[in-house]
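Encoded as structure tokens, the structure appears first; notes follow it.
The values are calculated or read from the model by the stated rules, or taken from the named source; none is laboratory data. The structure displayed is predicted, hence computed values, not measured ones. Glycine also receives a Cβ, built like all others from the backbone with ideal geometry; neighbour counts cover every protein chain displayed. The protein model used for the area step is the full one, side chains on, heavy atoms only, and it has no ligands, DNA or RNA in it. Shrake-Rupley method; radii C 1.70, N 1.55, O 1.52, S 1.80 Å.
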Amino acid sequence: MSVIDPSPSSAVAEGRTIRRRGLMLVLSSPSGAGKTTISRRLLASDPNLTMSVSVTTRPPRPGEVDGRDYRFISRAEYDRLLADHALLEHAEVFGNSYGTPRALVEQTLSDGGDMLFDIDWKGTQQLAQSARKDLVRVFILPPSAEELERRLYTRAQDSAEVIQRRMAKSADEMSHWAEYDYVILNQDVDESVAQVAAILQAERLRRERQEGLFEFVDMLRRGRPS
Ligand code: 5GP
């Protein structure tokens, strides 16, 4: 067994446990860049990754499932969550409110699990202020303006007016690409999933995320006790 297995929350080496603190993987992109597909594929292939399901006051779109895509809540419930400091970050988008419930994230991270977030640049900035060390920010770009427009139109769930607003929001979202740690050009979804998985793998091995390494290396240097 390798000394440190990147996926589980801990590994036992020479009888010692090296625990890993979980990380927060944020995927942001203009809508229509393929982020949802990438997120679903990552979640399906990585048992140590949990999706952070946001709350929103927006009504569900056809096909959206409460508890999977979002927790769809009333304005009153949202205001209560805000007042109780139960949201790790929150933002207004198109007149609707969105937020990340705090409790699951904090529990998962301290158990060594990793969380995946599909949030916009405003939410990402807030997480950077409160949890910079745990945060890994990935921005996904569409391969071209034509492709972005095509993907937005073929969603066909929204009115022309909403599509126009989405295009404007896309341009705004993309202006924040340089605030992210990694940027992926989503030309091919298989390749993009593999690239995000590689980022995750490398970030899990960061020295600072692994607790107990000092003691472990110290023990290695002293030699095995007789
Ligand atoms: P949609 O209504 O199309 O599902 O999402 C609109 C935008 O809100 C997307 O850019 C999405 O990333 C963002 N969003 C979804 N959930 C959250 C959240 O909890 N916090 C923040 N800051 N943005 C969110």
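Some values worked out for this structure:
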{"quantity": "Crossing angle, helix 160-174 versus the chain [Cα axis fit, 0-90 degrees, rounded to tens]", "calculated": "40 degrees"}
{"quantity": "Principal-axis tilt of helix 35-45 within the chain, Cα atoms, nearest 10 degrees", "calculated": "30 degrees"}
{"quantity": "Filtered GluC sites (Glu not before Pro), region 137-226: DSSP coil and at most 10 other beta carbons within 10 Å", "calculated": "none"}
{"quantity": "DSSP-defined antiparallel bridges as percent of all bridges, the chain, nearest 5", "calculated": "40 percent"}
{"quantity": "Backbone HN-Hα couplings from phi across region 101-115 [Karplus 6.51/-1.76/1.60, Hz, Gly and Pro as x]", "calculated": "x, 6, 4, 5, 5, 5, 5, 4, 4, 6, 7, x, x, 9, 10"}
{"quantity": "Accessible-area composition of the chain, carbon plus sulfur, in percent [1.4 Å probe]", "calculated": "53 percent"}
{"quantity": "Net charge of neighbours whose Cβ lies under 10 Å from the Cβ of residue 115, counting Lys and Arg as +1 and Asp and Glu as -1", "calculated": "-3"}
{"quantity": "Set of lysines with alpha-carbon distance to residue 133 below 20 Å, sequence-local pairs under 8 removed", "calculated": "122"}
{"quantity": "Gyration tensor verdict on the chain (Cα atoms; rounded if a/c is under 1.5, prolate if a/b is larger than b/c, oblate otherwise)", "calculated": "prolate"}
